[in-house]
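Read through the structure below, which is laid out as structure tokens, and then see the notes.
The values are calculated or read from the model by the stated rules, or taken from the named source; none is laboratory data. Keep in mind that what you see is a predicted model, and the values were worked out from it rather than measured. Backbone-built Cβ (ideal geometry, glycine too); neighbour counts: all protein chains shown. Quick note on the areas: whole protein, heavy atoms, side chains included, nothing else; ligands and nucleic acids left out. Shrake-Rupley method; radii C 1.70, N 1.55, O 1.52, S 1.80 Å.
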Amino acid sequence: MADLFASDDIAADTADTAPLADQLRPRTLSDVVGQEHLTGPDGAIGRMVAAGRLSSIIFWGPPGTGKTTISRLLADAVGMRFEPISAVFSGVADLKKVFAAASEHGRRGEKTLLFVDEIHRFNRAQQDSFLPFVEDGTVTLVGATTENPSFELNAALLSRAQVLILRRLDATALEQLLERAEQLMDRPLPLDAAAREALLASADGDGRFLLNQVETLYSIDIPEPLDPAGLSALLHRRVAVYDKDREGHYNLISALHKSLRGSDPQAALYYMARMLTAGEEPLYVLRRLVRFATEDIGLADPQAVVQCLAAKDAYEFLGSPEGELAIVQACLYCATAPKSNAGYMAMKASFKSARDTGSLMPPMNIVNAPTKLMKQVGYGKGYQYDHDADQGFSGANYWPEEMTPQTFYSPTDRGFEARIAERIAYWDKLRAERGPA
């Protein structure tokens, strides 16, 4: 990091009164950590800088991963004027002023990089206001968002910008930030090896949060290196990043569902724990487990849905935290049960057939005849009562005359469905032997 503090000017900019995160803010793109897939020579940003030409960009990534810093450095790297605004504090009037200023600078040959922080906070009409100025080159738009752009941004805006994904900072990148902080402060952090590792884990990929914690450690007189317990007592625990109505919510529930489907009880428990410890409503998790039991287990183990509903009752009866164990039990049962989506596929196929065939009349032999007239016209005529038939099976036709018999449900050879498959095969054999009723 010698190049980060190579001049007196830089030292002057990083006064002791500035927050540590600002003092360590990268001065060139090569100083940015954890985003080499973008900033490296073969990355999208690296190629743009090498060509000296930027396209409009949407930076999508977690907090504290460098979206604002990279945007500022991009403007410097290609000689553009940097104009930052925040969607939280700006409205249409502010945007008009920005576009007017950019047009004026454009007439003087200065190109403007318009950086919009929290761009997803702008509504659809406000997002549309960018389009003409992006298209005519008045501004090169660089937006930053922590939310999924495909949900939060207009399709028209997305079609004019390249979405670049910033990764949460891994342990290596976070360790680099710690080393830079120690170099700046000219002393090591007062932590033992285990506490240092715990500090990195607590950041959850957020470099800004990590440096704020480091600044707290340096501001306190700590005579002996702290162990993990001492660190935990000193610093507030970081709350997991989780918005119940946003993408993190859907990512984790998808990961839980797919881990269950893949019969990995350890991973399923991990994602379930991630959701519950972050404040997810336990009944939501239970609803998803019930859904999983019917969609992905079905009749391969009919007890799965019973276990899940029993877990719901147990949780409502016990409350939290004791009731969470019932959710864990249901999760483990589903993860380790035999899997089948045959019922789910049968539902989709039968529903489609029902929509396609409309209002076809069932065969007359299996419809009721509650009135004399209905009996006279043939309702119920020829019905065979299966309990009176040999082996309790008549083999009658139950399909509309205009339809050939369909196969919607094909049980697997897993779990209880293997026995169901044997039963269906047995009835099919009898039906074939007896012929049309």
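Structure summary
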{"item": "Tilt relative to the chain, helix 265-277 - C-alpha long axis, 0 to 90 degrees, to 10", "result": "60 degrees"}
{"item": "Cβ-based net charge around MET345, under 12 Å, with every Lys or Arg adding one and every Asp or Glu removing one", "result": "0"}
{"item": "Within the accessible area of the chain (1.4 Å probe), percent carbon and sulfur", "result": "54 percent"}
{"item": "Size descriptor, Kirkwood hydrodynamic radius, that averages inverse alpha-carbon separations across the range 44-166, Å", "result": "14.3 Å"}
{"item": "Computed Rg/Rh of the range 345-437, alpha carbon atoms with Kirkwood Rh", "result": "1.02"}
{"item": "For the range 314-437, size of Cβ-based charge dipole, Lys and Arg +1, Asp and Glu -1, in debye", "result": "460 debye"}
{"item": "Globularity index of the range 120-227, i.e. its alpha-carbon radius of gyration over 2.2 N^0.38 Å", "result": "1.56"}
{"item": "Spin-label pair ALA50/ALA310, simplified geometry with 7 Å Cα→Cβ offset, distance in nm", "result": "6.2 nm"}
{"item": "Binned Cα-Cα distances of the range 197-344, short to long, each 10 Å bin given as a whole percent", "result": "11, 33, 26, 17, 10, 3, 0"}
{"item": "Heavy-atom SASA rank of GLU295, GLU135, GLU417, GLU118 (probe 1.4 Å, accessible area, largest first)", "result": "GLU135, GLU118, GLU295, GLU417"}
{"item": "Net charge contributed by nearby residues that have their C-beta within less than 12 Å of ASP192 (K/R +1, D/E -1)", "result": "-2"}
{"item": "Exceeding the 28 Å Cα-Cα cut-off - candidates LYS258/LYS312; LYS352/LYS372; LYS348/LYS429; LYS375/LYS429; LYS67/LYS111; LYS258/LYS352", "result": "LYS352/LYS372; LYS375/LYS429"}
{"item": "Only Lys, Arg (+1) and Asp, Glu (-1) charged, at Cβ; the chain dipole about Cα centre in debye", "result": "2060 debye"}
{"item": "Computed FRET value (nearest 0.05) for ALA354 with GLU433, which takes r as the C-beta separation and R₀ as 30 Å", "result": "0.50"}
{"item": "Spatial separation of Cα centroids for the range 369-398 and the range 35-79, in angstrom", "result": "75 Å"}
{"item": "Fully extended contour minus Cα-Cα distance, from ASP192 to SER86, at 0.36 nm per residue", "result": "34.2 nm"}
{"item": "Per-peptide average of other Cβ atoms within 10 Å, ordering 331-339, 403-411 highest first", "result": "331-339, 403-411"}
{"item": "Area projected by the alpha carbon convex hull of the range 274-355, averaged over all directions, nm²", "result": "6.0 nm²"}
{"item": "Cα pair distances of the range 32-108 binned at 5 Å [whole percent]", "result": "3, 13, 21, 23, 18, 12, 8, 2"}
{"item": "Value of [θ]222 nm, deg cm²/dmol, for the chain, DSSP H segments ≥ 4, -39500 (n - 2.57) each, nearest 500", "result": "-15000 deg cm²/dmol"}
{"item": "Average accessible surface area per residue within the chain, 1.4 Å rolling probe, Å²", "result": "55 Å²"}
{"item": "Cα-Cα P(r), the chain, percent of pairs per 20 Å interval", "result": "18, 35, 28, 14, 5, 0"}
{"item": "Pairwise label distance in nanometres, LEU131 with GLU281, each label 7 Å out on the Cα-Cβ vector", "result": "3.7 nm"}
